[in-house]
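Please treat every number below as a calculation from the coordinates, not as lab data. What you see is a predicted model, and the numbers here were worked out from it, not measured in a lab. In this analysis, Cβ positions are derived from the backbone assuming ideal geometry, glycine residues included, and neighbour counts consider all displayed protein chains.
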Amino acid sequence: NGVIGIIGAMDEEIAQLLGEMEQVQQQTFYNITYYAGTLCATPVVLCKSGVGKVNAAVCTQTLIDRFQVEAVLFTGVAGALHPDLDIGDLVISTECQQHDIDASAVGFPKGTVPFQDVSIFPADPALVAWAAEAGRRIAGVNVMTGKVLSGDQFISDANKVRELREQFAGACVEMEGAAVAHVCHLAGVPYVVIRSMSDRADHTADVNFAEFTELASERSAHIVREILRLR
Ligand code: ADE
């Protein structure tokens, strides 16, 4: 039916897009409100999942089951892991992985879901290409495609950044993308995660996150808008 699901985790991450939507009808399921309407002349359902993997999973499942979305876009902010990323720069997910799942004590590699065929969830190549193209149109912003890592932890430690780079080669770290990716993988629904860097996930992360979340949220939302226009 051509409806696109758009998720942000926090108010800042969906505020602008929500303000631009037309013919909005809202419905609430499991404490998450879904705004159905049009954005850039495209039918969309926009929602704020709340923070963390469980909220993101419930939200994604609801978009698929109740709204029959044909694709899911995640927009928001992240902590930079790749040394070439500055605050405000963009990461488009080529794949997502949960960095905090760990059954290594019983022989499963860190970051993998025991007994499951896939633990690194690939994003939809067409959505990645559109998002990267959209990013290139925004002058002066560095756009990187790469792996997005997710876990139920706000990372604010340079040693942990090094570990996440060495173990998983993540471009950035956040708290929802891999849960969205996991549900989309199980359901066979295409997705892409778009993240603008609010901080460097080191000892300055809390201060930078507070200062730059609004700017980074707007950058990420801008890509979503451009994707809808390119479709
Ligand atoms: N989202 C934005 N910055 C983050 C960080 N440093 N860790 C986890 N999620 C984030």
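Which peptide among 146-158, 115-127, 71-83 comes first, and what is the full order, when sorted by highest mean count of other Cβ atoms within 10 Å?
Ranked from most to least packed, the peptides come out as 71-83, 146-158, 115-127.
Starting from the Cα of residue 105, step 7 Å along the direction of its Cβ; do the same at residue 142; then give the gap between the two resulting points in nm.
3.9
Nearest-5 percent of antiparallel DSSP beta bridges in the chain?
Rounded to the nearest five, the antiparallel share is 40 percent.
Would you work out the relative contact order for the chain, in percent, from Cα pairs under 8 angstrom that are 6 or more residues apart?
Result for the chain is 27 percent.
How big is the charge dipole of the stretch 4-230 about its Cα centre, in debye rounded to the nearest 20, if each Lys and Arg gets +1 on its Cβ and each Asp and Glu gets -1 on its Cβ?
For this selection, approximately 400 debye.
Using the alpha carbon gyration tensor of the chain, what are the three equivalent-ellipsoid semi-axes (square root of 5 times each eigenvalue), largest first, in whole Å?
Ellipsoid half-lengths, sorted descending, are 26, 21, 16 Å.
For the cross-link pairs 48/147; 110/147; 48/160, which exceed 21 Å when the distance is taken from alpha carbon to alpha carbon?
Where the Cα-Cα span goes over 21 Å, the pairs concerned are 48/147; 48/160.
Show that you can apply the helix-only estimate: for the chain, add -39,500 (n - 2.57) for every DSSP H stretch of four or more residues, divide by all residues, and state [θ] at 222 nm to the nearest 500. Working shown, then result.
Numbers: 6 runs with 86 residues, N = 231.
After summing the helix terms and dividing by residue count, I get -12000 deg cm²/dmol.
What is the packing order of peptides 196-202, 173-179, taking the mean over residues of other C-beta atoms within 10 Å and listing the highest first? Let's see the in-between values first.
Details: 196-202: 25.9, 173-179: 29.4.
Ranked by mean Cβ neighbours within 10 Å, highest first: 173-179, 196-202.
What does DSSP give for the stretch 75-147 in terms of the percent of beta bridges that are antiparallel, rounded to the nearest 5?
Given both bridge residues lie in the stretch 75-147, the antiparallel proportion sits at roughly 40 percent.
Can you give the net charge of the other residues whose Cβ lies under 10 Å from the Cβ of residue 135, counting K and R as +1 and D and E as -1?
Net charge around residue 135: 0.
Based on the Cβ-Cβ distance from residue 29 to residue 152, what FRET efficiency comes out when R0 is 30 Å, to the nearest 0.05?
Given R0 = 30 Å and the Cβ-Cβ separation, E is 0.85.
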